[in-house]
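The structure under discussion appears below in the form of structure tokens.
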Amino acid sequence: MKNIVKRILKSEKKLSRDILKRISHYENIVRISNQDDKENINVYSFQEGNKIYVSSGEDTFYFESNGPYKPEIQHMDFVAWIFLPVAMSKKKDLVIHGSGTQETKKNAERLSDIWACWLPKKYYLIKVHFKKYRQPDTTKKTKELLLFSGGVDSTYAIINKSFKDKPDLLTIQGMDYRISDQERFKKSIAKTNFLADQYADQRLMIRSNAYDVYKKYSIPPRLTFVFVLASASFLFSKSYRSVTMAADFALYQQFEELPYGSSIATDQLYSSGDFSLETYGNDVTRAEKLPSIMSNKLALKALSLCKDKKIRPENCGICSKCTRTKYMMLAATGVIPTESFINPDLDLNAKINFNDNGDKQDAYIKSTYTTAFRNNNLKKIPNIVAEYKRIIS
């Protein structure tokens with residue numbers, strides 16, 4: 001128990017002592033319940049107001065919400081998504097002490113099939129069980145939820161997707177921003193609020209330590225981010241018809257990036273039969289999304305994509321992601337908007353490094369080249385052209 005608390009303290013600095021005590025308290029309760037079952041991971045969930053804890057006794061995921069709706073754990077389908085990477089890593093079946101649908105069970109096990117196929121040395125085939133099974137809710141809901149971070153993909157989604165009514169937005173702290181980094185997270189909300197006010201209704205925020213739990217099992221964010229997004233979204237399934245996630249890659253690019261957290265093979269499986277994850281924008285590459293953003297002054301001003309933790313939510317213009325985006329902007333439109341970056345210049349002689357996140361660099365080189373080719377902007381990006389020729393030679 002002390003090691004778990006120290007690990008959270010070290011990675012976060014950070015969660016309040018009150019929260020750490022509560023995590024320890026719930027882990028003790030669950031550990032006692034698990035004493036007679038060494039073969040499975042038994043998981044329980046507890047709620048205190050707007051705070052939710054999901055614990056196996058050894059690992060505890062923490063969610064804290066801020067917004068017009070409180071999360072609820074009347075149904076525990078959300079637990080399947082957040083604990084699946086842990087159960088697959090430990091090669092143990094997942095037993096969820098609460099209610100869920102047969103659809104969730106089937107889809108979670110199918111996710112296990114897929115990930116065990118892709119990464120057989122990291123993930124294993126497991127079974128998922130709920131202590132109680134419920135029928136999907138037949139109540140007709142029209143309100144939709146959109147996952148929004150302020151990056152290129154979610155900005156493209158918010159200004160282009162047609163919703164029946166304005167959606168509510170869900171932003172999660174603990175992914176791009178650590179849960180201890182309250183100051184910069186608040187600045188990111190303020191930076192994007194005027195765009196949100198134009199295209200959305202209400203904003204919900206969730207703080208979660210999920211990445212810190214996954215780090216214990218050496219599972220990188222590029223493999224787990226959809227598990228976190230889906231689980232956090234399902235906490236509000238009672239209030240919404242569905243949640244939309246912006247796609248990172250066009251469909252044809254997804255085959256090149258696999259294994260990757262989000263793809264056509266897995267995204268469709270985050271469904272309980274009465275709430276589901278949907279994707280938007282997988283018909284275009286990221287470079288192809290930029291013209292609509294660059295023609296929208298609000299979107300361009302709100303854009304936040306920098307990897308420099310000291311700079312964001314502003315964009316430094318120098319890091320790998322800022323540089324990559326600049327090349328894509330040149331490829332798509334022939335210009336780099338000065339209002340998007342602290343340093344809008346681009347050193348065309350600098351070595352290209354697009355893959356700080358572990359993504360395959362060649363996929364970005366090829367899509368940037370293709371966009372420039374279609375828009376007659378190849379002369380604007382000579383070193384991308386050189387890299388492309390290297391790839392195809």
Which numbered condition Pro382 misses (of (1) loosely packed, with under 13 Cβ neighbours inside 10 Å; (2) at pLDDT 90 or above; (3) closer than 27 Å to Pro220 by Cβ; (4) not small (Gly, Ala, Ser)): (3)
Search result, residues across the stretch 116-155 that are part of a helix (DSSP H, G or I) and not small (Gly, Ala, Ser): Cys117, Trp118, Val152, Asp153, Thr155
Criterion: in a loop (DSSP other than H, G, I, E, B), among the aliphatic types (A, V, I, L, M) and either more than 20 Å from the chain's Cα centre (by Cα) or closer than 30 Å to Pro136 by Cβ (or both) - qualifying residue of Ile318, Ile293: Ile318
Pairs with Cβ under 8 Å, 6+ apart, first in the stretch 196-208 and farther than 14 Å from Asn50 by Cβ, second part of a helix (DSSP H, G or I): Ala196/Ile158; Gln198/Leu298; Tyr199/Ile158; Tyr199/Ile159; Ala200/Ile158; Arg203/Ile189; Arg203/Asn193; Arg203/Ala196
Qualifying positions in the stretch 161-192 - in contact with a strand residue (DSSP E or B) (Cβ under 8 Å, 6 or more places away or on another chain), farther than 22 Å from Val228 by Cα and of a type outside the set (Lys, Arg): Phe163, Asp165
Inter-residue pairs, beta-carbon under 9 Å, first outside any strand (DSSP E or B) and in the stretch 156-181, second β-branched (Val, Ile, Thr) and open to solvent by 40 Å² or more (accessible area, probe 1.4 Å), 6+ apart: Lys164/Thr142; Asp165/Thr142
Odd one out for Arg312 among (1) assigned to a loop (DSSP other than H, G, I, E, B); (2) surrounded by 22 or more Cβ atoms within 10 Å (Cβ to Cβ); (3) free of Cβ contacts under 8 Å to residues at least 60 places away in the same chain: (3)
Residue that is nearest to the chain's Cα centre (by Cα), among those in the stretch 18-37 that are of a type in the set (S, T, N, Q) and at pLDDT 70 or above: Ser24
Within the stretch 350-379, considering residues that are among the β-branched types (Val, Ile, Thr) and buried (at least 19 other Cβ atoms within 10 Å of the Cβ), the one modelled with the lowest pLDDT: Ile352
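Yes/no matrix, rows are residues, columns are (1) modelled with pLDDT under 95; (2) farther than 22 Å from Glu64 by Cα; (3) open to solvent by 10 Å² or more (accessible area, probe 1.4 Å); (4) among the hydroxyl-bearing types (Ser, Thr, Tyr):
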| site | (1), (2), (3), (4) |
| --- | --- |
| Lys164 | yes, yes, yes, no |
| Leu170 | no, no, no, no |
| Ile179 | yes, no, no, no |
| Ala190 | no, no, yes, no |
| Gln198 | no, yes, yes, no |
Residues that are more than 23 Å from Phe249 (Cβ to Cβ) and not in a loop (DSSP other than H, G, I, E, B), drawn from the stretch 321-367: Thr338, Glu339
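Do we have any residue at all in the stretch 264-286 that's in a helix (DSSP H, G or I), out of contact with any Asp or Glu (no Cβ under 6 Å at 6 or more places or on another chain), within 27 Å of Lys191 (Cβ to Cβ) and modelled with pLDDT of 95 or more? Write out each step before concluding.
The first filter runs over the stretch 264-286 and keeps only residues in a helix (DSSP H, G or I), leaving 267-269, 286.
Now narrow it down to the ones that are out of contact with any Asp or Glu (no Cβ under 6 Å at 6 or more places or on another chain): 267-269, 286.
Within this subset, residues satisfying the condition of being within 27 Å of Lys191 (Cβ to Cβ) are 286.
Then drop every residue that is not modelled with pLDDT of 95 or more, which leaves 286.
Within the stretch 264-286, one or more residues are in a helix (DSSP H, G or I), out of contact with any Asp or Glu (no Cβ under 6 Å at 6 or more places or on another chain), within 27 Å of Lys191 (Cβ to Cβ) and modelled with pLDDT of 95 or more.
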Count of residues meeting criterion [open to solvent by 10 Å² or more (accessible area, probe 1.4 Å), in a strand (DSSP E or B) and among the small types (Gly, Ala, Ser)] in the stretch 37-64: 1
Output for the stretch 235-252, where each listed residue is in contact with a helix residue (DSSP H, G or I) (Cβ under 9 Å, 6 or more places away or on another chain) and open to solvent by 10 Å² or more (accessible area, probe 1.4 Å): Ser237, Ala246, Asp248
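The values are calculated or read from the model by the stated rules, or taken from the named source; none is laboratory data. Owing to the predicted nature of the structure, the values given are computational and were not obtained by experimental measurement. Note: ideal-geometry Cβ built from the backbone for every residue, glycine included; neighbour counts use all protein chains shown. Note: accessible area is taken over every heavy atom of the protein model, side chains too, but ligands, DNA and RNA are not part of it. Shrake-Rupley method; radii C 1.70, N 1.55, O 1.52, S 1.80 Å.
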